[in-house]
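Taking it in order: structure first as structure tokens, then the write-up.
The values are calculated or read from the model by the stated rules, or taken from the named source; none is laboratory data. All values reported here derive from a predicted model rather than from experimental measurement. Here the Cβ positions follow ideal geometry from the backbone for every residue, glycine too, while neighbour counts run over all protein chains shown.
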Amino acid sequence: MNLVALVAEMAAAGLDAHSDRSLAPLTTYGVGGNGACVVKVSSTDQVVAVSEILRSHPGVETLVVGRGSNLLVADNGFDGVVIVMAPSSTENAVTVDGDIVEAGGAMLMPVLARRSVGAGRAGLEWCVGIPGTVGGAIRMNAGGHGADMEASVVDATVLSVRSGQIARVSAEQLGFYFRGSALSNSHVVLSVRMRTTEQDSAIGTTEINAVVAWRREHQPGGRNAGSVFVNPGSGDESSGALIDSAGLRGFTIGAVSVSEKHANFIQAGEGSTAADIAAVMSHVQSTVEHVHGIRLYSEVCLVGFSEDLMTRFSHPSHTSEPHVAAKKNLQSLLGEPA
Ligand SMILES: Cc1cc2nc3c(=O)[nH]c(=O)nc-3n(C[C@H](O)[C@H](O)[C@H](O)COP(=O)(O)OP(=O)(O)OC[C@H]3O[C@@H](n4cnc5c(N)ncnc54)[C@H](O)[C@@H]3O)c2cc1C
């Protein structure tokens, strides 16, 4: 899609917008092609300005990018508008009011954890292990160390770039499920309010240090997007254990390997392509299904790939009845056309 005119409109409105920009540096995998239009926003006013322009270009697809730590962008890129959340604005601060900790959508999760602990609040220490933004964590219902976003979120302020409406959306309306929510690509999380409890900062700091140490010991560094496959249902082994016992630890295509340290991580070495990452994922999925009779689905968001490939990796819960109903509710709450 030729979005040059749209980019020009955005630039004329004072926005930091560019056509045909590489998305690779915006993701932790560091692979992928160009976004047809890439606009960096660092305040609510700028997101509103983007949304105003987008409403006169109704057919254009959108993608919000936080830290890109859960994104695999295809080598062909994304043929739409990429809204990049820049964590520089004062609107992205962390504030504490009684039990409630509020953070901007572009706030980094480790910063949220440390600021919340510093303010004598408990409940968000685990966030130090998530190398993404608060907005991305809401969309994904990120979790770890026995907690997840759903457990703390009171509500989120969300803007629809399709309708231009901003609403405070309750945790229930956010429709959380395991590693997902009712949010879709037209929704921008501007801020989030979370419930916390009182705690001595020294206790919280010890907990933060324990989470960081656990991550260092159990997870690889380098270019990856964390766990690739969602763990199967309760009673089954973890995806990492299933991949490991299928003999796939270290399996490599090109510069892309199943991590030796954690079999549910895929490492992208120098010169990797998104196609090679997808090929490793496909091989892992079919081998695990062949060996264990269990189908694994992607936890990582795939962007710009063929419908077939997206469907192959899409978890059935994305299209389950309650999830589809929650999505429709949220769309209507935000005044989006059906
Ligand atoms: C080393 C490593 C370890 C990880 N460990 C964990 C873990 O323990 N648990 C876990 O759950 N995840 C983990 N992850 C994955 C990832 O960090 C989380 O999913 C994180 O919440 C994604 O945030 P992000 O800002 O990077 O989102 P992105 O990757 O940029 O985007 C992910 C999704 O969120 C959407 N999105 C991003 N920002 C916004 C916004 N402001 N408003 C609306 N939608 C938005 C995007 O459109 C996309 O659909 C790990 C990743 C890495 C690299």
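State yes or no: is residue 156 crowded, with 18+ Cβ neighbours inside 10 Å, within 12 Å of the ligand (Cβ to nearest atom) and on the phi < 0 side of the Ramachandran plot? Against the criterion (crowded, with 18+ Cβ neighbours inside 10 Å, within 12 Å of the ligand (Cβ to nearest atom) and on the phi < 0 side of the Ramachandran plot), residue 156 qualifies.
In segment 126-136, of all residues being of a type outside the set (Val, Ile, Thr) and over 19 Å from residue 229 (Cβ atoms), the one that is nearest to the ligand (Cβ to nearest atom) corresponds to 135. How about segment 109-144: which of its residues are surrounded by fewer than 20 Cβ atoms within 10 Å (Cβ to Cβ), within 18 Å of the chain's Cα centre (by Cα) and more than 23 Å from residue 172 (Cβ to Cβ)? Those that are surrounded by fewer than 20 Cβ atoms within 10 Å (Cβ to Cβ), within 18 Å of the chain's Cα centre (by Cα) and more than 23 Å from residue 172 (Cβ to Cβ): 110, 111, 131.
Taking (1) modelled with pLDDT of 95 or more; (2) surrounded by 14 or more Cβ atoms within 10 Å (Cβ to Cβ) in turn, residue 238 satisfies each apart from (1).
Taking segment 1-37 as the range and being over 26 Å from residue 132 (Cα atoms) and touching a Lys or Arg at 6+ places or on another chain (Cβ under 7 Å) as the test, no residue passes. In the set (1) touching a Lys or Arg at 6+ places or on another chain (Cβ under 8 Å); (2) surrounded by fewer than 18 Cβ atoms within 10 Å (Cβ to Cβ), the condition left unmet by residue 292 is number (1). Scanning segment 169-187 for any residue that is over 20 Å from residue 142 (Cβ atoms), surrounded by 16 or more Cβ atoms within 10 Å (Cβ to Cβ) and polar (S, T, N, Q) turns up at least one such residue.
For the structure I just gave you, tell me whether residue 106 is near the ligand (Cβ under 9 Å from one of its atoms), under 17 Å from the mean Cα position of the chain (by Cα) and among the small types (Gly, Ala, Ser). Judged against the criteria, residue 106 is a match. On the given criteria, is residue 139 closer than 30 Å to residue 4 by Cα and within 14 Å of the ligand (Cβ to nearest atom)? For residue 139, the condition - closer than 30 Å to residue 4 by Cα and within 14 Å of the ligand (Cβ to nearest atom) - is met. Given the options 123, 98, name the one that is within 26 Å of residue 218 (Cβ to Cβ) and more than 7 Å from the ligand (Cβ to nearest atom). Sole residue among the options that is within 26 Å of residue 218 (Cβ to Cβ) and more than 7 Å from the ligand (Cβ to nearest atom): 123. If the condition is being over 30 Å from residue 61 (Cα atoms), in contact (Cβ under 8 Å) with a residue 12 or more places away in the chain and assigned to a loop (DSSP other than H, G, I, E, B), then segment 81-132 contributes 99, 119, 120, 123, 124.
Every residue, every condition in (1) more than 23 Å from residue 60 (Cα to Cα); (2) out of contact with any helix residue (DSSP H, G or I) (no Cβ under 7 Å at 6 or more places or on another chain); (3) of a type outside the set (Gly, Ala, Ser); (4) part of a loop (DSSP other than H, G, I, E, B), yes or no:
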site	(1), (2), (3), (4)
283	yes, yes, yes, no
287	yes, yes, yes, no
291	yes, yes, yes, no
312	yes, yes, yes, no
322	yes, yes, yes, no
327	no, yes, yes, no
330	no, yes, yes, no
335	no, yes, no, yes
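Candidates 217, 198: the one that is under 26 Å from residue 155 (Cβ atoms) and surrounded by fewer than 13 Cβ atoms within 10 Å (Cβ to Cβ) is 198. Looking across segment 6-60, just one residue is at pLDDT below 95, away from the ligand (no atom under 15 Å from the Cβ) and under 25 Å from residue 103 (Cβ atoms), and that is 45.
Consider residue 85 carefully, then state whether it is more than 9 Å from the ligand (Cβ to nearest atom), within 17 Å of the chain's Cα centre (by Cα) and not basic (Lys, Arg). The answer is no for residue 85.
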